[in-house]
Ligand SMILES: O=C(O)c1ccc[n+]([C@@H]2O[C@H](COP(=O)([O-])O)[C@@H](O)[C@H]2O)c1
Ligand SMILES: Cc1cc2nc[nH]c2cc1C
């Protein structure tokens, strides 16, 4: 399993700096003051570096919603019961969730993966890749075995490869898992050295009282398991979750295939931090979409060194913030392929 992961990460190449430089120069020939399209310009340059094309099209976009359950829900750390995870999976498959609506609007496909849901689910559209029926309660011991954590990473990368073989050119990370802001905070705490009290937030909307309890749960999980910060797979296994590993693997797999990945909210960003810790080069393929309302998401993006495009006070997950940013990715591509140059439009260039 470790060999498979090494094979995936060894396929992640640095971005094409030659095409990036050509793109930056071309952007300055377009009919606008240099740099005036701000983050759309840096996005166009990043997309060029990733795809090796100055004018990529990125027509086929896939949102991958990884679903998993969490044993730590026994501790009362969410505002919702764990049964909502499988119920929402059915909702995704029937096209009724927020991410389905936003994906239809943006022309993206939604793929839902059961990577660790506690109940057995059968649906023709479900990608059934279940590794375990929910994680173990991390305050009592490791959430997953090291083998399961590795399996979640490899499974995510395999899903990316499958979708690339079906034509996907751009990925959006999405997840569903009642309780998953707790392991996400634990991962962030261990990998950044920040205190649990700084990185735990309200998730689906816990009360003040439950928030203090949630902080204690994260402290306890870290104390009981002693995850090793320099070993991201150990951290993922001990205080993570199946869908978080699946998303980290999806990100690595996308990068290995030269595809950009839009990172959604807090949980997706915790997965991105795991991916970056396993392979720092993977970061070049990540695009931060929005900063979610989850209190510590700002800090997590800072830790990643990513700058989000939107601040919409959203805290839903599912990939919703990432999907909204597909419109901006499309905008950056169209700027490159459709704008007139100073020369073609006969406009005087250069500052006076
Ligand atoms: O994306 C985010 O930033 C985000 C912030 C808070 C909650 N969520 C979603 O809500 C669920 C986790 O919240 P909780 O309170 O059960 O840990 C999970 O299904 C996530 O998709 C997502
Ligand atoms: C209804 C509901 C939908 C969600 N989607 C992602 N997380 C969620 C949590 C809940 C509770």
Q) Among the helices (runs of 4 or more DSSP H) confined wholly to region 266-348, which include 3 or more residues that are more than 16 Å from ligand 2 (Cβ to nearest atom)? A) 266-278, 297-304, 326-338, 342-345
Q | Output for region 135-166, where each listed residue is part of a loop (DSSP other than H, G, I, E, B), surrounded by fewer than 24 Cβ atoms within 10 Å (Cβ to Cβ) and either modelled with pLDDT under 95 or in contact with a strand residue (DSSP E or B) (Cβ under 9 Å, 6 or more places away or on another chain) (or both) | A | 166
Q.
Based on this model, can you work out whether residue 192 counts as within 12 Å of ligand 1 (Cβ to nearest atom), touching a residue at least 60 places away in the same chain (Cβ under 8 Å) and closer than 17 Å to residue 304 by Cβ?
A. no
Q. Only one of these conditions is not met by residue 324: (1) without any contact (Cβ under 8 Å) to a residue 40 or more places away in the chain; (2) within 15 Å of ligand 1 (Cβ to nearest atom). Which number is it?
A. (1)
Q: State the number of residues belonging to region 167-195 that are surrounded by fewer than 21 Cβ atoms within 10 Å (Cβ to Cβ) and more than 17 Å from the chain's Cα centre (by Cα).
A: 5
Q: Run down 5, 30 and say which single residue is touching a residue at least 24 places away in the same chain (Cβ under 8 Å) and under 21 Å from residue 335 (Cα atoms).
A: 30
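The values are calculated or read from the model by the stated rules, or taken from the named source; none is laboratory data. Since the model is a prediction, treat every value here as computed from it, not as a measurement. Cβ atoms come from the backbone with ideal geometry, glycine included; neighbour counts cover every protein chain shown.
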